[in-house]
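Trainee: Sharing a structure with you now.
The values are calculated or read from the model by the stated rules, or taken from the named source; none is laboratory data. Nothing here was measured: the structure is a model prediction, and the numbers come from that model. Cβ coordinates were reconstructed from backbone atoms using ideal geometry, including for glycine residues, and neighbour counts include every protein chain displayed. Areas reflect the complete protein model, heavy atoms only, side chains present, ligands, DNA and RNA absent. Shrake-Rupley method; radii C 1.70, N 1.55, O 1.52, S 1.80 Å.
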Amino acid sequence: MSGQVSQLTPGAAPTPPVVPFGSERPARPRPRRPTHRPAWEEPPSKAGAVSKFVILAVVVLTVVFPLYTVVLTSVSTQAETIRAGGLVTIPGEMTLNAYTQILSGGVVTRAALVSVGITAVGTVLSTVVSVLAAYGLSRPGSFMHRPILFVFLITMFFGAGLIPTYLLVSGLGLINSYWALILPGAVSAFNVLILRNFFMGVEPAILDAARIDGAGDWRILRAIVLPMSKAAIAVVALFYGVGYWNAFFNAMLYINDNEKWPIQMVLRSYVLQGVSLPGGGTGTVDVATGVVTGLPVQMAVMVLAVVPILLVYPFVQRHFTKGVIFGAIKG
């Protein structure tokens with residue numbers, strides 16, 4: 001009776017119901033949400049996880065398998081390619097003779113050195129010019145800000161054409177010059193706009209504080225803006241580097257001396273089209289002295305033209321999300 005009275009007493013805590021021994025239900029543990037998953041996103045089902053794995057595996061195999069066959073063929077012997085009927089997919093007799101031939105001081109070696117020099121000089125020049133142009137256009141009070149920005153935007157949609165460009169390059173005396181591979185495409189309006197939008201995202205209070213301390217535009221750019229924009233600059237530099245390394249059209253138009261051809265022009269002419277080098281004659285000739293022959297040698301040239309960019313890309317990949325997406329949306 002006292003228990004019943006205590007339950008009815010105002011302000012008293014209610015007595016929990018009595019549960020018979022052995023009938024308790026164990027509490028279910030709450031599933032832990034992965035820390036990397038947003039709160040509103042549910043964990044995927046088993047079917048969804050399996051389907052994602054299968055799709056990604058197919059995509060990876062589609063990308064990796066051609067590269068695998070090219071690399072494997074480049075390190076195979078000529079007899080192995082004949083037995084395989086073309087590209088080698090199963091490892092057999094291997095040798096590095098193809099790489100020894102193309103790197104022995106012939107046309108391919110010279111073209112690779114030309115491509116490295118053009119890519120290095122062109123990337124540095126284009127990145128510096130793009131950074132300076134983007135920083136100037138990102139300052140609202142800069143000289144002729146809107147007209148220059150309008151000119152940059154026009155070049156993204158309209159071009160002068162091939163013949164006027166060739167006449168301009170010829171008028172400047174750049175025919176058969178290495179500068180003809182750099183200057184015509186030295187600045188990309190798209191890359192300048194990416195950098196401009198990124199620079200506009202820098203907190204104005206930081207720049208104002210630097211001006212109050214007596215810093216000029218050059219010092220602000222060097223000491224504040226550039227360190228805060230490493231991601232965007234790295235992405236733009238990669239864009240320029242890939243463009244210079246893969247370019248062959250300017251060499252086909254402006255370079256008449258095959259000794260000044262970049263590696264991509266060698267790949268296009270002597271590997272993909274099977275054209276013999278001038279003065280190489282006909283028949284099977286060593287690469288260092290004349291003609292690129294043999295499927296392993298051709299695949300070795302292709303590997304030499306592709307692998308350098310593949311080695312550089314992983315070091316810049318982590319900057320893509322922060323550099324490109326932020327630069328394209330911010331501002």
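Trainee: Any residue in region 244-261 that is β-branched (Val, Ile, Thr) sitting within a Cβ distance under 8 Å of a residue that is crowded, with 21+ Cβ neighbours inside 10 Å and part of a loop (DSSP other than H, G, I, E, B)? List the pairs, counting only those 6 or more apart or interchain.
Mentor: Here the result reads Ile255/Trp261, each pair linking region 244-261 to a residue that is crowded, with 21+ Cβ neighbours inside 10 Å and part of a loop (DSSP other than H, G, I, E, B).
Trainee: Filter region 93-106 down to residues that are assigned to a helix (DSSP H, G or I), farther than 12 Å from Leu304 by Cβ and in contact with a helix residue (DSSP H, G or I) (Cβ under 8 Å, 6 or more places away or on another chain), then give me how many there are.
Mentor: 1
Trainee: Counting only residues that are closer than 21 Å to Ser269 by Cα and either open to solvent by less than 70 Å² (accessible area, probe 1.4 Å) or touching a residue at least 40 places away in the same chain (Cβ under 8 Å) (or both), how many does region 79-102 have? Don't jump to the end; show me each part of the working.
Mentor: Filtering region 79-102 for residues closer than 21 Å to Ser269 by Cα gives 86-87, 98-102.
Of the ones still in play, those that are also either open to solvent by less than 70 Å² (accessible area, probe 1.4 Å) or touching a residue at least 40 places away in the same chain (Cβ under 8 Å) (or both) are 86-87, 98-99, 101-102.
Number of matching residues: 6.
Trainee: If you go through region 176-196 one residue at a time, do you hit one that is charged (D, E, K, R) and modelled with pLDDT under 85?
Mentor: Start the filter on region 176-196 by keeping residues that are charged (D, E, K, R), which leaves 196.
Of the ones still in play, those that are also modelled with pLDDT under 85 are none.
No, region 176-196 contains no residue that is charged (D, E, K, R) and modelled with pLDDT under 85.
Trainee: Take Asn250 and decide whether it is at pLDDT 85 or above, open to solvent by 30 Å² or more (accessible area, probe 1.4 Å) and within 30 Å of the chain's Cα centre (by Cα). Walk me through how you get there before you give the answer.
Mentor: Working: at pLDDT 85 or above: yes; open to solvent by 30 Å² or more (accessible area, probe 1.4 Å): yes; within 30 Å of the chain's Cα centre (by Cα): yes.
When the stated conditions are applied, Asn250 passes them.
Trainee: How many residues, within region 238-247, are open to solvent by 30 Å² or more (accessible area, probe 1.4 Å) and part of a helix (DSSP H, G or I)?
Mentor: Quick first cut of region 238-247, residues open to solvent by 30 Å² or more (accessible area, probe 1.4 Å) only: 239, 242-243, 246-247.
Imposing the further condition that a residue be part of a helix (DSSP H, G or I) reduces the set to 239, 242-243, 246.
Going through region 238-247 one residue at a time, the tally reaches 4.
Trainee: Another question, if that's okay. From Gly122, Gly159, Gly106, which residue is small (Gly, Ala, Ser), closer than 30 Å to Thr77 by Cα and either out of contact with any strand residue (DSSP E or B) (no Cβ under 7 Å at 6 or more places or on another chain) or open to solvent by 90 Å² or more (accessible area, probe 1.4 Å) (or both)? Steps first, please.
Mentor: Working: Gly122 fails: closer than 30 Å to Thr77 by Cα; Gly159 fails: closer than 30 Å to Thr77 by Cα.
Just one listed residue meets the conditions, Gly106.
Trainee: Given the residues Thr89, Thr81, Thr73, which is the only one that is in contact with an Asp or Glu (Cβ under 9 Å, 6 or more places away or on another chain) and either β-branched (Val, Ile, Thr) or closer than 29 Å to Ala189 by Cα (or both)? Show your work before the answer.
Mentor: Details: Thr89 fails: in contact with an Asp or Glu (Cβ under 9 Å, 6 or more places away or on another chain); Thr81 fails: in contact with an Asp or Glu (Cβ under 9 Å, 6 or more places away or on another chain).
When all the criteria are applied, what remains is Thr73.
Trainee: Now for a separate question. Could you please give the count of residues in region 109-119 that are of a type in the set (Val, Ile, Thr) and open to solvent by 60 Å² or more (accessible area, probe 1.4 Å)?
Mentor: The number of residues fulfilling the criteria is 1.
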